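Undergrad: Can you read through this structure? Questions will come right after.
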2 protein chains.
Amino acid sequence: MTKSRATMTQVARLAGVSIKSVSRVINREAHISPRLRERVEAAIAELNYTPDTAARSLAGARAFVVGVLFDNPSPNYTMNIVGGAHEACSAQGYHLRIDNLDSTEQDRALADQLEAVLSHGRCDGFVLTPPLTDIPLVLDTLERHDVRFVRIAPVLAPGRTPTVQIDDFAAAGAVAQCLWGMGHRHFGFVGGPPSHGAAGTRRAGFFSRLKALGLEAMPSEASGDFSFDGGIAAGFALLRTATPPTAIFAANDDMAAGVMVAAAQCGLAVPRDLSVFGFDDSWVALSVWPYLSTVHQPIRAMASAAVSLLLDHPREALALEPVTLDWTLIERGSHGPVRPER
Amino acid sequence: MTKSRATMTQVARLAGVSIKSVSRVINREAHISPRLRERVEAAIAELNYTPDTAARSLAGARAFVVGVLFDNPSPNYTMNIVGGAHEACSAQGYHLRIDNLDSTEQDRALADQLEAVLSHGRCDGFVLTPPLTDIPLVLDTLERHDVRFVRIAPVLAPGRTPTVQIDDFAAAGAVAQCLWGMGHRHFGFVGGPPSHGAAGTRRAGFFSRLKALGLEAMPSEASGDFSFDGGIAAGFALLRTATPPTAIFAANDDMAAGVMVAAAQCGLAVPRDLSVFGFDDSWVALSVWPYLSTVHQPIRAMASAAVSLLLDHPREALALEPVTLDWTLIERGSHGPVRPER
DNA sequence: TTGTAGGCGTTATCAA
DNA sequence: TTGATAACGCCTACAA
């Protein structure tokens, strides 16, 4: 039952062609007659042939390995990235490597971590996720080593490298629009740490739309650090004031969940007394009650796209034009119309 | 700066030995004189040599790939499994494959999924996670294909295959003990679906200890399905009764978080009016307020151990004696002493 | 458009 | 205890 896998030689024999021709078909090289290709493909199908990755990487230039570099505390986010990247890899017979860096380290230590990763084994390219995407040292080191990489949702120097992203600015604007449409006029915003640049973009999109809508008093602000704890603290800071906002937009879901906790502690019911909006549509959005209204970010798809970018383009032809995927406004239970003033 | 990696031949030349001897040292084979080994190791260190995985797998019997098979909806759980497994793999120069099966499929479809996974590429072994660990069809298929695998926290036929686990029974007993010690006498238990056998073990451990402690009225029960939603529903079922429990133990954290929501809806404050205990110490435990008291399960370590089991033992020497790791009772904010009867 | 020869870096076989 | 030498399955040159 354990029949050994077919080899290229066997395929060639069955198709009555040379092994090199089979190789050409497999690698979609040019200059092959349709007739030959057809016969080879038939043989491949009949033998259920799959090229041997080890042999290919030994003989050729490719390692058939793609790496994901991450430093994101949220397992939800990372799992989606890994899942999406892995899917794209495995569809093309590539392996996925994942390496967790610690960007809070000193520059020197971070550089060492990177060197270790790079010397660990051959790799055809890397996918970078925030906040690594915005650390100059990381980009510099990778470029110096002449390694290909694609960044996901970077903020720093967007045009510098191949990129996959969503339009954070527009999405945050849509949140503002939605809340405004429900009558809210007093807003709060919970931002992220400087290292997560996307928080800044979301803030800008939110504020900009509100201003365009005619809002005069800009939102009160508090800074979380993209964490649940930070969200609770920020929520208190925003809510325990003379004129608390009726709607709070947090730059990610974890912080939004924290804001909901703060609201409950303050005796405020969500969404009756306070509307809350998050960003990411991560796992936590469905682990709070009411379910969190948020912006869905297609993280898996973004990671897949990043890998495809890496694999589908020859070494020097990586488009620098960012690939921009669609976000979706997810209106669940944590927001609603503003209550009439008492 | 991009100096190409050293090869075995170069090491051999530098050490003044044959390439085969280097190979022997690398693979820790027997019958090598200390002197030779020493020289080879010096050369390896000097050249900073790392064996080429592709070449090794082409020439040898190993593929240098380990697979993780999962079907667990919780990204936290899966991420920890993947992280731990990956760590162990990469320490030994192995790649990690991850494959998501859908065990809700019909037998036939599930078998097809497995066949697809198995024919996808060579693999030196698999790590199975619940609930796949307890599906006879999966075990049978894997064994029929003569594939090595280790199960994590299986319930079905524990001695049948190499296994890594914790003592769910004892851990659940500790929860009972803790709650009992705080004066609770009216308990509720939220169980899981039959497919997740561990829920049954936890139930048994909880009930058994309570009985040993002298409790007469066994806990009221409700079944969630290991989900947040299920936990909310189960919480309502348990709480909206004439004599609601003062403490509820849920078989996992997601359900416990749901119970907390139900409690809040019922006007019960946690832990003042109701104590809640979860199991797993997953991400959600720190995304609710108060933080969830729970049992810490060393998931990463379990996955690492599973991979080590696979890699450190020759084909037929996989110990059947289960490897049992330690759990920890994590007492956070969701439980406390029972309130005196009103 | 197709085919031939050689080699990638390692392990396996067999001999010394 | 060591060392030649032949695979492993494929790709890169080059030739036809």
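Undergrad: Could you please let me know if A:Ile98 is modelled with pLDDT under 95 and away from every other protein chain (no Cβ under 14 Å)? Quick ask: steps written out before the conclusion?
TA: Details: modelled with pLDDT under 95: yes; away from every other protein chain (no Cβ under 14 Å): no.
When the stated conditions are applied, A:Ile98 does not pass them.
Undergrad: Given the conditions (1) at pLDDT below 90; (2) under 22 Å from the mean Cα position of the chain (by Cα), which single one is not true for A:Ala30?
TA: All conditions pass for A:Ala30, except number (2).
Undergrad: Considering only residues that are without any contact (Cβ under 8 Å) to a residue 40 or more places away in the chain, open to solvent by 60 Å² or more (accessible area, probe 1.4 Å), outside any helix (DSSP H, G or I) and of a type outside the set (Asp, Glu), which ones fall in region A:164-220?
TA: A:Pro194, A:Ala217, A:Met218
Undergrad: One residue is enough: does region B:283-296 have a residue meeting the conditions open to solvent by 20 Å² or more (accessible area, probe 1.4 Å), more than 14 Å from chain A (Cβ to nearest Cβ), at pLDDT 90 or above and closer than 26 Å to B:Ala85 by Cβ?
TA: Initial filter on region B:283-296 (open to solvent by 20 Å² or more (accessible area, probe 1.4 Å)): B:283, B:286, B:289-291, B:296.
Applying the additional criterion that residues be more than 14 Å from chain A (Cβ to nearest Cβ) yields B:296.
Checking which are at pLDDT 90 or above leaves us with B:296.
Right, trim to closer than 26 Å to B:Ala85 by Cβ and you get B:296.
So far as region B:283-296 goes, yes, one or more of its residues are open to solvent by 20 Å² or more (accessible area, probe 1.4 Å), more than 14 Å from chain A (Cβ to nearest Cβ), at pLDDT 90 or above and closer than 26 Å to B:Ala85 by Cβ.
Undergrad: While we're looking at this one, here's another question. Among the residues that make up region A:65-82, is at least one of them at pLDDT 90 or above, within 8 Å of another protein chain (Cβ to nearest Cβ) and not in a helix (DSSP H, G or I)?
TA: For region A:65-82, residues at pLDDT 90 or above, within 8 Å of another protein chain (Cβ to nearest Cβ) and not in a helix (DSSP H, G or I): present.
Undergrad: Within region A:192-219, track down each residue that is touching an Asp or Glu at 6+ places or on another chain (Cβ under 9 Å) and farther than 18 Å from A:Ala174 by Cβ.
TA: Across region A:192-219, the qualifying residues are A:Gly192, A:Pro193, A:Ser195, A:His196, A:Gly197.
Undergrad: Restricting attention to region B:4-27, report how many residues are open to solvent by 70 Å² or more (accessible area, probe 1.4 Å), away from DNA strand D (no atom under 12 Å from the Cβ) and either closer than 26 Å to A:Thr53 by Cβ or at pLDDT 95 or above (or both).
TA: 3
Undergrad: Can you tell me which condition A:Cys89 does not meet? The list is (1) facing chain B (nearest Cβ under 9 Å); (2) away from DNA strand C (no atom under 16 Å from the Cβ), and all the others hold.
TA: That leaves (1) as the condition not met.
Undergrad: Then there is this: Open to solvent by 10 Å² or more (accessible area, probe 1.4 Å) and facing chain B (nearest Cβ under 10 Å) - does that describe any residue in region A:35-50?
TA: Step one: of region A:35-50, the residues open to solvent by 10 Å² or more (accessible area, probe 1.4 Å) are A:35-39, A:41-42, A:44-50.
Okay, now just the ones that are also facing chain B (nearest Cβ under 10 Å), so A:48, A:50.
Yes, some residue in region A:35-50 is open to solvent by 10 Å² or more (accessible area, probe 1.4 Å) and facing chain B (nearest Cβ under 10 Å).
Undergrad: Can you give me the number of residues within region B:1-42 that are away from DNA strand C (no atom under 12 Å from the Cβ) and not in a loop (DSSP other than H, G, I, E, B)?
TA: Result for region B:1-42: 10.
Undergrad: Say we look at region B:182-200 and pick out the residues that are among the hydrophobic types (A, V, I, L, M, F, W, C) and more than 26 Å from the chain's Cα centre (by Cα); which of these is nearest to B:Ala242 (Cα to Cα)? Walk me through it before giving the result.
TA: Restricting attention to region B:182-200, the residues satisfying the condition of being among the hydrophobic types (A, V, I, L, M, F, W, C) are B:182, B:187, B:189-190, B:198-199.
Narrowing further to those that are more than 26 Å from the chain's Cα centre (by Cα): B:182, B:187.
Values: B:Met182: 22, B:Phe187: 14 Å.
Looking at the filtered set, the residue picked out is B:Phe187.
Undergrad: Filter region A:51-64 down to residues that are facing chain B (nearest Cβ under 7 Å) and within 29 Å of the chain's Cα centre (by Cα) and give me whichever is nearest to A:Thr9 (Cα to Cα).
TA: A:Thr53
Undergrad: Taking the residues in region A:225-244 that are of a type in the set (Gly, Ala, Ser) and assigned to a helix (DSSP H, G or I) as candidates, determine which candidate is farthest from the other protein chains (Cβ to nearest Cβ). Break it down stepwise before answering.
TA: At the first step, the residues of region A:225-244 found to be of a type in the set (Gly, Ala, Ser) are A:227, A:230-231, A:233-235, A:237, A:242.
Next, only the ones that are assigned to a helix (DSSP H, G or I) stay: A:230-231, A:233-235, A:237.
Details: A:Gly230: 12, A:Gly231: 10, A:Ala233: 12, A:Ala234: 14, A:Gly235: 11, A:Ala237: 16 Å.
The selected residue is A:Ala237.
Undergrad: Given the condition touching a Phe, Trp or Tyr at 6+ places or on another chain (Cβ under 7 Å) and touching a residue at least 12 places away in the same chain (Cβ under 8 Å), answer yes or no: does some residue in region B:36-44 qualify? Before the answer, list the steps.
TA: Applying the first criterion (touching a Phe, Trp or Tyr at 6+ places or on another chain (Cβ under 7 Å)) to region B:36-44 yields none.
No, there is no match, as no residue in region B:36-44 is touching a Phe, Trp or Tyr at 6+ places or on another chain (Cβ under 7 Å) and touching a residue at least 12 places away in the same chain (Cβ under 8 Å).
Undergrad: Right, B:Ala85: assigned by TED's automatic domain parsing to the domain that holds B:Asp134, assigned to a helix (DSSP H, G or I), open to solvent by less than 30 Å² (accessible area, probe 1.4 Å) and aliphatic (A, V, I, L, M) or not?
TA: Working: assigned by TED's automatic domain parsing to the domain that holds B:Asp134: yes; assigned to a helix (DSSP H, G or I): yes; open to solvent by less than 30 Å² (accessible area, probe 1.4 Å): yes; aliphatic (A, V, I, L, M): yes.
Criteria met by B:Ala85.
Undergrad: Please work out which one of (1) under 24 Å from B:Asp225 (Cβ atoms); (2) among the small types (Gly, Ala, Ser); (3) more than 23 Å from the chain's Cα centre (by Cα) is the condition B:Ala269 fails and give its number.
TA: Status for B:Ala269: all satisfied but (1).
Undergrad: Is it the case that region B:57-66 has a residue that's open to solvent by 20 Å² or more (accessible area, probe 1.4 Å) and near DNA strand D (Cβ under 7 Å from one of its atoms)?
TA: Residues of region B:57-66 that are open to solvent by 20 Å² or more (accessible area, probe 1.4 Å), as a first pass: B:58-62.
From what is left, the residues that are near DNA strand D (Cβ under 7 Å from one of its atoms) are B:58-59.
Looking for residues that are open to solvent by 20 Å² or more (accessible area, probe 1.4 Å) and near DNA strand D (Cβ under 7 Å from one of its atoms), one finds at least one in region B:57-66, hence yes.
Undergrad: Something else now. Name the one entry in B:Arg13, B:Arg5 that is within 14 Å of chain A (Cβ to nearest Cβ) and of a type in the set (Lys, Arg). Lay out the reasoning, then the answer.
TA: On the way: B:Arg13 fails: within 14 Å of chain A (Cβ to nearest Cβ).
The conditions single out B:Arg5.
Undergrad: Confirm whether A:Ala256 is at pLDDT 95 or above, open to solvent by 50 Å² or more (accessible area, probe 1.4 Å) and part of a helix (DSSP H, G or I). Give the derivation first.
TA: Numbers: at pLDDT 95 or above: yes; open to solvent by 50 Å² or more (accessible area, probe 1.4 Å): no; part of a helix (DSSP H, G or I): yes.
The answer is no for A:Ala256.
The values are calculated or read from the model by the stated rules, or taken from the named source; none is laboratory data. Everything numeric here is computed off the predicted structure, so don't read it as measured data. Every residue, glycine as well, gets a Cβ built from its backbone with ideal geometry; the counts of neighbours run over all protein chains shown. Surface accessibility is based on the protein's heavy atoms, side chains included, excluding ligands, DNA and RNA. Shrake-Rupley method; radii C 1.70, N 1.55, O 1.52, S 1.80 Å.
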